[in-house]
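The values are calculated or read from the model by the stated rules, or taken from the named source; none is laboratory data. Just so it is clear, the model here is predicted, and its values are computed rather than measured. Heads up, the Cβs are rebuilt from the backbone with ideal geometry, glycines too, and the neighbour counts pull from every protein chain shown.
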Amino acid sequence: MNDVVSLEAVRRGRARSRAVAASGAADVSHFEHDRAIDDQAIDAGAIDEESDEERLERIGDSVLRALGRRQLSTVETHELLVSQGASIDEAEVLVARYEELGYLDDFALAEAMVSRLSERSHKSKAAIGRELSARKIPGEFVTAALEQLDEETEFDLAVEAAMKRVAQLSGYDEQTVERRLMGFLTRRGFTSGVVREATRRALATRRRSTGPRFV
């Protein structure tokens with residue numbers, strides 16, 4: 001009998017040990033869960049505790065990196081600052097500061113775009129004006145920058161573009177070349193009169209270089 005009682009006592013003791021162990025594991029699990037929540041709260045608090053000065057410094061650093069990669073207009077920069085978290089008033093102050101430091105210059109940007117789009121891309125005055133407006137450069141700067149492209153300069157640009165293009169179309173018959181040249185110049189914004197004359201000159205050069213054809 002004493003042996004039976006002892007066996008029963010051992011079994012009950014083991015059961016109590018397992019229950020205590022399970023309870024302890026649950027306590028540990030709850031503790032770790034609570035600690036994780038506390039850590040998250042601390043992280044969120046750290047973000048919430050970012051001062052206005054720190055926030056603006058972070059935003060300013062991001063925008064200055066963008067300006068280092070590509071020249072932006074004042075309006076583009078203002079919009080970028082707001083998208084990064086600056087208020088409208090804060091963005092205006094920062095834009096004014098960037099202008100003072102020489103990071104922003106709408107007229108210089110307009111002049112650079114006119115030179116690049118006319119000399120490299122052979123685009124017309126009208127087409128370049130549309131691109132400058134798309135970059136949100138003020139109208140007075142667009143007008144001033146485009147003054148360097150008078151009618152004679154624009155015509156020369158069209159002829160130069162036509163000459164380069166016709167050299168790339170040597171494998172086509174004249175009608176196809178003419179059609180493609182006119183479409184090419186029209187897409188660059190030149191007027192119909194300029195397109196016709198530039199095409200005529202380019203085709204005349206092509207005839208002289210290829211010589212007569214005998215059938």
Kindly indicate which of R130, R120, R135 is at pLDDT below 95 and among the basic types (K, R).
-> R120
Does L149 qualify as being closer than 21 Å to V114 by Cα, modelled with pLDDT under 95 and assigned by TED's automatic domain parsing to the domain that holds S115?
-> yes
Scan T199, T191, T153 and give me the residue that is touching a residue at least 60 places away in the same chain (Cβ under 8 Å) and more than 30 Å from L80 (Cβ to Cβ).
-> T191
How many residues are without any contact (Cβ under 8 Å) to a residue 60 or more places away in the chain and out of contact with any Leu (no Cβ under 8 Å at 6 or more places or on another chain) when one looks only at the range 44-103?
-> 38
Could we say that E76 is surrounded by 14 or more Cβ atoms within 10 Å (Cβ to Cβ) and either assigned to a helix (DSSP H, G or I) or touching an Asp or Glu at 6+ places or on another chain (Cβ under 9 Å) (or both) here?
-> yes
